[in-house]
Amino acid sequence: MAEDGKQERDRPWIMRTYSGHSTAAASNALYRTNLAKGQTGLSVAFDLPTQTGYDADDPLARGEVGKVGVPVSHIGDMRALFDGLPLDQMNTSMTINATAVWLLSLYVAVAEEQGVDPSVLRGTTQNDIIKEYLSRGTHIFPPAPSMRLITDLITYTVDEVPKWNPINICSYHLQEAGATPTQELAYALVTAIGVLDAVKATGRVPESEFGTVVGRMSFFVNAGIRFVEELCKMRAFVELWDRVTRERYGVTDPKQRRFRYGVQVNSLGLTEQQPENNVIRIVLEMLAVTLSKDARARAIQLPAWNEALGLPRPWDQQWSLRAQQILAYESDLLEYADLFKGSEVVEANTQRLVDSAWAEVQEVLKRGGAVEAVENGYIKQRLVESNAARLRAIENGDQVVVGVNKYVEGAPSPLTENLDDAILTVDPEVDANQREALGHWKLERDGAAVAKALAELQRVANTDENMMIASIAAAHAGVTTGEWANTLRQVWGEYRAPTGVAGATVKASGSGASAEVIDRLRARLSDLETRMGRRAKLLVGKPGLDGHSNGAEQIAIKARDVGFDVVYEGIRVSPEQIVASALEEGVHLIGLSILSGSHLALVPEVAERLRAAGLGDVPLVVGGIIPDADAERLRREGIAAVYTPKDFELDNIMSDLIDLVDRQHAAE
Amino acid sequence: MPPSDLSDDARLVMSADKAAVSRALNLVEDRRSDAHARVTGLLAALKDAPKAAAGHRVGLTGPPGVGKSTLTSTLARSVRRRDRTVGVVAVDPSSIRSGGSLLGDRARMSFDPSDAGLFVRSLATAGEVGGLAYAANSAVRVLAAAYDIVVIETTGVGQSEIDIVHVADTVVLVIQPGSGDVLQFLKAGIMEIPDILVVNKADHDELAQRAVADLRGALRTAHAAGAGGGRDADWETPIIATSATKGTGIDALIDALDAHRQHLDATLPARRRQGEVQWTLDLFSRKHGEHGLATLGGVARLKARAERDLAGGDTPLGLCEHLSREYVSALGKTP
């Protein structure tokens, strides 16, 4: 190393773009272009039916096929997805959790078809169910069988696919659910501990080889806009993981104790207002995970500037990829040793995070560990509370968001001049095409082989044998994603995770103007109660397969705090269920939250069913990532109000909702 | 909503028409004074519904977090499989500050939305000290006219489970392994012994067996200390281990519920009458307080009066109205 700290240039991190949509063939074309642009790894986004174990022809998949990712229903789809992409040369990250065992099985089966020995495969399965229960919402099974699937995948790959990262412990989604840096560190670590303890409990890994398992653990981390604190958070992760692996698991090889992580920087903080500013946010957030050589990300994927508006186009994703390439190849960052070793500020901040996170780790372990703290709602409730505090800070201006609550005036952006062209729209025919193709697939495969494979899956599910082997055999036999998941649903049942909202305590808005607003809203609802004879009752529904429940949760809590009686049903309720609940509960108002882009299919369906049930006069409002043109159309079809991320002032939304109930009451 | 003919509505409720049941529940929640007469009329019309007399009202209570909603959901589905219909009232607390509430029970329940034989209504306590919602008593009567089994689910150990005795034929107390405080309450006689005890979350055999054994011990201690067998000395409280998430023990719980209903058969009208007497007095004292009770001759006299009038066909709400008028006119006579 030279005097000035310069050294031989480091190898850059793996650069990916989280992508996939419409069909396997369309996504394959996208992957080929991305690789041609200099992307060094693939990151597969699956659609929600694939993530939650439904085939395209399942009623629950309506409107969701090909929307937020690619549908993969069987080995034929997986084959098409990687057509012409030799799997021995790919490094593929798959964002897949409840059905991770199945998708990896399809991947391994396609490798075998390509003549590639599975032992050379490289990549990652996300495979972290804990954060699905807490934030992302694509879980299927109860905690015990879910942990079993996780450990099955881990123990299988450690033996058979040794370069595979079997799990990506996700703190990413915890931050999106509202976690503070301390909580993000703590809950990711207790999840990792829960998983490693579960692997140990299987007895499949000899004590002497446990370090290998620990060495295969990797993390998927978020980086927000407070990038100095985030930089310290990454350094704290390194230190804490070293401590856990050394003290709890007695790992002696420093390489196996290394904190290996990938990053997607924060999508939640991206704004719909002045969306071009998001490029700057994305770059600053990337600095947090790259500047420290001692805590640098292994792989990075950046969101696109227009994600708050809708689905990004290839050009939008390319812009984010270029940001990575400029930092890695143009700048001199990779020529230096760690920049912050010895920095008092960075070291003190890191230490503060290490200490506070360690205390929270102990708190959760005292409560029985991650799984227990999910089941009894402890972690979820803490996250819901933090998120409410965050939103309140933005609403009252304590946390500045440029273009949103400060410096909101500006010249119109030429980038969004034609808003409908500034995002990607998925061909509405995708749904029907995929259903039709699936029909053909089912006709043409060997039915007896499928039945046999499913029977074997069912048998293994009732034992403690590894699910991977039976799943790979099922993949070769032509079994579909829905069949695989339904077979296991029959054995293990399904799980509805705690919502965390009922017990969440939110600090009163304090004093001053915001307290007065709340008081005024409460007084209006009390007055309305006197006039209507009963308290205004709001149903908050989350139709479709999208599990991102933060918005729905925050609306539910806020509505309770201004005085509504709120019925909240949790995620993944069908339009039929929403209408049945509205009828049985006698609600005055219904709010739907949809972030997956399936609003044009789901909202009109709920409205139609309400009319059929004689509830056509109950006002219906919608919130979500809804492009202007769609919002216009929904309003024309009688939806009372449409809210998008730019409506960050919850008090205003509450005031609207009270107006709606009041007006409806006056009309009766 | 436009006012509709009460007797038509009552008929529709008895045929378990969901829209009518929902309207009736909206009405019993309505606190405007002009709604009272309609509620009184509706409940009187539903009083002798065939389902109401033959049915079973089950109160499910216990500390927070023991899995009551999930248990209710699993229980309801199993009851439906036995071809009986179910109505559920789930009571949640209201926020004292805002008056609002988060009614989260549905989030733990998974039902077939097209099932006409299952109905769930969430109610907020709306600041009622008793722990039961203002309208819960009336709501149970509406559902009892429409469904074979009515489950009323409330949270808490203490006041609410005392209230629930007055509305339920069978009181089920749900706890989980390690609920030490409940054991202490039972032993000390602070808590009434329920008709059925459920140890939920009995996923681990060993823990569950220990919890059941502990409860047996606590019940023995309570009996030795002179506590009665609930409201009924001839009934030995069964202890049932369930896992609502796995669905185990649910059939045993249904069998125990049926056994208790059968056990009650002869005494049920009297038991329900006692509940109605208590409800009448609660309603009246909530409105007029100690002074009201004293002015009309005290609790014992009012109880006797209520027993007579209710036996004569009056309803608790109707009787409470009469008593209110008597109190107001008595007030006018005192200087």
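The values are calculated or read from the model by the stated rules, or taken from the named source; none is laboratory data. Please read all numbers here as calculations on a predicted model, not as lab measurements. Cβ atoms come from the backbone with ideal geometry, glycine included; neighbour counts cover every protein chain shown.
Results, tabulated for the structure shown:
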| read-out | value |
| --- | --- |
| Region A:610-662: number of residues that are under 27 Å from A:Ala515 (Cα atoms) and without any contact (Cβ under 8 Å) to a residue 40 or more places away in the chain | 9 |
| Some residue of region A:582-592 being within 10 Å of chain B (Cβ to nearest Cβ) and at pLDDT below 95 | no |
| Among the residues listed as A:Ala295, A:Ala223, the single one being within 23 Å of the chain's Cα centre (by Cα), surrounded by 21 or more Cβ atoms within 10 Å (Cβ to Cβ) and either touching a residue at least 60 places away in the same chain (Cβ under 8 Å) or under 25 Å from A:Glu344 (Cβ atoms) (or both) | A:Ala223 |
| Qualifying residue in region B:289-305 (condition: hydroxyl-bearing (Ser, Thr, Tyr), in a helix (DSSP H, G or I) and crowded, with 20+ Cβ neighbours inside 10 Å) | no |
| Restricting region B:247-265 to residues that are touching a helix residue (DSSP H, G or I) at 6+ places or on another chain (Cβ under 9 Å) and on the phi < 0 side of the Ramachandran plot, the residue that is modelled with the lowest pLDDT | B:Leu264 |
| Conditions (1) without any contact (Cβ under 8 Å) to a residue 40 or more places away in the chain; (2) surrounded by fewer than 17 Cβ atoms within 10 Å (Cβ to Cβ): number failed by A:Thr425 | (1) |
| Members of region A:637-651 that are exposed (fewer than 15 other Cβ atoms within 10 Å of the Cβ) and either in contact with a strand residue (DSSP E or B) (Cβ under 9 Å, 6 or more places away or on another chain) or at pLDDT 95 or above (or both) | A:Gly638, A:Asp647 |
| Of the criteria (1) under 27 Å from B:His322 (Cα atoms); (2) within 14 Å of chain A (Cβ to nearest Cβ); (3) polar (S, T, N, Q), which one B:Ser98 fails | (1) |
| Any hit, region A:568-575, residues being at pLDDT 90 or above and of a type in the set (A, V, I, L, M) | no |
| Whichever residue in region A:507-519 is surrounded by fewer than 18 Cβ atoms within 10 Å (Cβ to Cβ) and in contact with an Asp or Glu (Cβ under 9 Å, 6 or more places away or on another chain) and, among such residues, is modelled with the highest pLDDT | A:Ser514 |
| Single condition A:Leu539 does not satisfy, out of (1) part of a helix (DSSP H, G or I); (2) at pLDDT 90 or above; (3) of a type in the set (A, V, I, L, M, F, W, C) | (1) |
| Tally, over region A:63-90, of residues that are modelled with pLDDT under 95 and in contact with a Gly (Cβ under 8 Å, 6 or more places away or on another chain) | 6 |
| Lone unmet requirement of (1) at pLDDT below 95; (2) more than 9 Å from chain A (Cβ to nearest Cβ); (3) in contact with a helix residue (DSSP H, G or I) (Cβ under 8 Å, 6 or more places away or on another chain); (4) within 15 Å of B:Leu143 (Cβ to Cβ) for B:Glu29 | (2) |
| Selection from region B:7-16 of residues that are within 13 Å of another protein chain (Cβ to nearest Cβ) and in contact (Cβ under 8 Å) with a residue 12 or more places away in the chain | B:Ala16 |
| Test for A:Ser356: is it under 25 Å from the mean Cα position of the chain (by Cα), at pLDDT 90 or above, among the hydroxyl-bearing types (Ser, Thr, Tyr) and assigned to a helix (DSSP H, G or I) | no |
| Residues being under 21 Å from the mean Cα position of the chain (by Cα), at pLDDT 85 or above and under 19 Å from B:His260 (Cα atoms) - total across region B:182-234 | 6 |
| Residue in region A:256-276 that is surrounded by the fewest Cβ atoms within 10 Å (Cβ to Cβ), counting only those that are in a helix (DSSP H, G or I) and modelled with pLDDT under 95 | A:Glu276 |
| Residue within region A:201-218 that is assigned to a strand (DSSP E or B) and modelled with pLDDT of 95 or more present | yes |
| Yes/no for B:Ser73 being of a type in the set (Ser, Thr, Tyr) and modelled with pLDDT under 90 | no |
| Residue within region A:204-211 that is of a type outside the set (Phe, Trp, Tyr), surrounded by 24 or more Cβ atoms within 10 Å (Cβ to Cβ), in contact (Cβ under 8 Å) with a residue 12 or more places away in the chain and in contact with a helix residue (DSSP H, G or I) (Cβ under 9 Å, 6 or more places away or on another chain) present | no |
| Selection from region B:304-335 of residues that are in contact with a Leu (Cβ under 7 Å, 6 or more places away or on another chain) and not hydrophobic (A, V, I, L, M, F, W, C) | B:Asp309, B:Thr315, B:Pro316, B:Glu326, B:Tyr327 |
| Residue, surrounded by the most Cβ atoms within 10 Å (Cβ to Cβ), within region A:343-401, restricted to residues that are of a type in the set (Ser, Thr, Tyr) and under 18 Å from A:Ala188 (Cα atoms) | A:Thr350 |
| Looking only at region A:538-569, and only at residues there that are without any contact (Cβ under 8 Å) to a residue 60 or more places away in the chain and either among the polar types (S, T, N, Q) or at the interface with another protein chain (Cβ under 8 Å from one of its Cβ atoms) (or both), the one that is farthest from B:Val120 (Cα to Cα) | A:Asp561 |
| Residue under evaluation B:Thr72, criteria (1) among the polar types (S, T, N, Q); (2) out of contact with any helix residue (DSSP H, G or I) (no Cβ under 6 Å at 6 or more places or on another chain); (3) facing chain A (nearest Cβ under 10 Å); (4) under 28 Å from A:Ala552 (Cβ atoms), criterion not met | (3) |
| Qualifying strands (runs of 3 or more DSSP E) (wholly inside region B:1-111; at least 2 residues being surrounded by fewer than 18 Cβ atoms within 10 Å (Cβ to Cβ)) | none |
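Each row is one residue, and each column tells you yes or no for (1) basic (Lys, Arg); (2) without any contact (Cβ under 8 Å) to a residue 60 or more places away in the chain.
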site	(1), (2)
A:Trp13	no, no
A:Arg16	yes, no
A:Ala24	no, yes
A:Ala29	no, yes
A:Arg32	yes, yes
A:Ala45	no, yes
A:Asp57	no, no
A:Lys67	yes, no
A:Val70	no, yes
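Let's see how each residue does on (1) surrounded by fewer than 24 Cβ atoms within 10 Å (Cβ to Cβ); (2) over 21 Å from A:Val108 (Cα atoms); (3) touching a Pro at 6+ places or on another chain (Cβ under 9 Å):
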residue	(1), (2), (3)
A:Gln7	yes, yes, no
A:Asp47	no, no, yes
A:Arg62	yes, yes, yes
A:Val72	no, no, no
A:Gly76	yes, no, no
A:Arg79	yes, no, no
A:Asp83	yes, no, no
